[in-house]
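A short worksheet on the structure shown next.
The values are calculated or read from the model by the stated rules, or taken from the named source; none is laboratory data. Computed from a prediction, not measured in an experiment: that's the story for all the values here. Positions of Cβ are backbone-derived with ideal geometry, glycine not excepted, and every protein chain shown enters the neighbour counts.
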């Protein structure tokens with residue numbers, strides 16, 4: 001994997017600046033707020049930075065629509081990890097848990113929760129934990145000297161603020177990467193997002209600056225750590241007379257060219273020994289920025305999701321065929337206040353990975369306890 005792989009500095013000054021900036025800019029134009037963020041980050045593409053795991057879709061819903069979506073205005077609390085501006089009142093007291101049996105022995109789990117606080121509005125939080133299993137440790141001679149258990153995690157706090165048809169939001173993330181007892185890294189990241197919801201149509205447009213921040217503890221002193229900075233924008237539209245909603249999300253907008261071209265594999269040699277290297281195509285230069293995620297909405301209790309991630313498909317395909325690489329699908333079944341979700345995403349032509357998510361509105365539990373139904 002290159003871009004789709006899941007593989008800084010006075011912190012007090014930057015944190016103080018962030019909160020001051022957020023307080024001031026929430027009363028101004030969202031565009032001004034977003035434009036102040038890029039200086040936090042040194043743009044890095046996937047595979048060139050640490051902490052790439054924080055971009056893993058933490059729920060079956062997100063995985064099912066292609067892995068990236070910043071504009072789906074639904075009751076799914078997990079969407080706040082994609083865009084904090086998607087946090088709203090209907091998510092109040094919603095608890096969600098996900099389990100992701102990832103590649104090989106890698107397993108991930110996630111928890112998300114939202115709570116309305118009377119004095120300050122809606123708040124959300126999520127935790128993603130990635131367990132890489134047990135790895136045998138050997139010395140220079142190949143002798144078994146024990147084992148170690150690498151893991152990574154990210155804890156996110158979300159806040160949103162609505163102004164008429166516009167909503168702004170911010171995420172603060174603490175990320176820990178412990179790959180070996182002697183090698184660990186800690187970082188703070190910030191997301192700033194905004195959405196516009198059409199007052200008459202089921203249309204949402206979004207813009208998000210993600211993972212701006214710095215590592216305040218590095219794996220080794222004196223080394224540099226790239227960060228998975230990104231700028232994303234999206235659109236979701238529910239057709240008026242069709243049970244269908246479609247989302248189109250653009251990512252890495254700050255880097256026009258994110259196409260990885262393997263000059264070893266993508267070359268031709270003629271009979272005279274002349275080598276011709278394949279050039280980047282315009283369709284790939286454009287397409288690798290986009291993820292498309294249609295949903296079929298039979299009712300509020302039954303939905304099917306599909307996704308097409310062009311970059312994942314481009315990078316994970318074989319030379320002769322692409323098969324199902326880059327595709328994803330899933331479904332949601334709701335039984336009263338319980339939502340059951342499943343998704344399968346294909347990262348390469350061999351087979352896919354599964355996501356399992358359960359979500360429950362604790363409001364209904366409170367009402368039951370009070371004997372109201």
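When you check residue 203 against the structure, is it touching a strand residue (DSSP E or B) at 6+ places or on another chain (Cβ under 6 Å), surrounded by 11 or more Cβ atoms within 10 Å (Cβ to Cβ) and under 19 Å from residue 84 (Cβ atoms), yes or no?
no
Within segment 173-187, the set of residues being part of a strand (DSSP E or B) and surrounded by fewer than 20 Cβ atoms within 10 Å (Cβ to Cβ) comprises 174, 176, 178, 179, 180, 183, 184, 186.
Could you look through segment 275-294, keep only residues that are out of contact with any strand residue (DSSP E or B) (no Cβ under 9 Å at 6 or more places or on another chain) and not in a helix (DSSP H, G or I), and pick out the one that is farthest from residue 327 (Cα to Cα)?
Of all residues in segment 275-294, those out of contact with any strand residue (DSSP E or B) (no Cβ under 9 Å at 6 or more places or on another chain) come to 279-288.
Filter once more, keeping what is not in a helix (DSSP H, G or I): 279-281, 288.
Values: 279: 25, 280: 22, 281: 21, 288: 14 Å.
In this case the residue turns out to be 279.
To keep it simple, each residue is scored yes or no on (1) modelled with pLDDT under 95; (2) buried (at least 19 other Cβ atoms within 10 Å of the Cβ); (3) farther than 25 Å from residue 344 by Cα.
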{"site": "114", "(1), (2), (3)": "no, yes, yes"}
{"site": "128", "(1), (2), (3)": "no, yes, no"}
{"site": "140", "(1), (2), (3)": "yes, no, yes"}
{"site": "143", "(1), (2), (3)": "yes, no, yes"}
{"site": "152", "(1), (2), (3)": "no, yes, no"}
{"site": "155", "(1), (2), (3)": "no, no, no"}
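Take the residues in segment 95-106 that are surrounded by 15 or more Cβ atoms within 10 Å (Cβ to Cβ) and modelled with pLDDT of 95 or more; name whichever of them is farthest from residue 192 (Cα to Cα). Break it down into steps so the answer makes sense when it comes.
As a first pass, look at segment 95-106 and keep what is surrounded by 15 or more Cβ atoms within 10 Å (Cβ to Cβ): 95-98, 100, 102, 106.
Still in the list and also modelled with pLDDT of 95 or more: 95-98, 100.
Values: 95: 23, 96: 23, 97: 24, 98: 24, 100: 27 Å.
Step by step, filter segment 95-106, then rank; the result is 100.
Scanning segment 331-360 for residues that are crowded, with 18+ Cβ neighbours inside 10 Å, over 20 Å from residue 245 (Cβ atoms) and touching a helix residue (DSSP H, G or I) at 6+ places or on another chain (Cβ under 6 Å) turns up 347, 348. Could you check, for segment 220-227, whether at least one of its residues is within 30 Å of residue 179 (Cβ to Cβ), touching a strand residue (DSSP E or B) at 6+ places or on another chain (Cβ under 6 Å), at pLDDT 95 or above and crowded, with 16+ Cβ neighbours inside 10 Å? No, segment 220-227 contains no residue that is within 30 Å of residue 179 (Cβ to Cβ), touching a strand residue (DSSP E or B) at 6+ places or on another chain (Cβ under 6 Å), at pLDDT 95 or above and crowded, with 16+ Cβ neighbours inside 10 Å.
Consider residue 259 carefully, then state whether it is within 19 Å of residue 66 (Cβ to Cβ), modelled with pLDDT under 90 and surrounded by 15 or more Cβ atoms within 10 Å (Cβ to Cβ). Spelling it out, residue 259 is indeed within 19 Å of residue 66 (Cβ to Cβ), modelled with pLDDT under 90 and surrounded by 15 or more Cβ atoms within 10 Å (Cβ to Cβ). Annotation note: Cβ proximity below 6 Å between a residue of segment 162-184 that is at positive phi and a residue that is not in a loop (DSSP other than H, G, I, E, B) (sequence gap 6+ or interchain) occurs for no pair.
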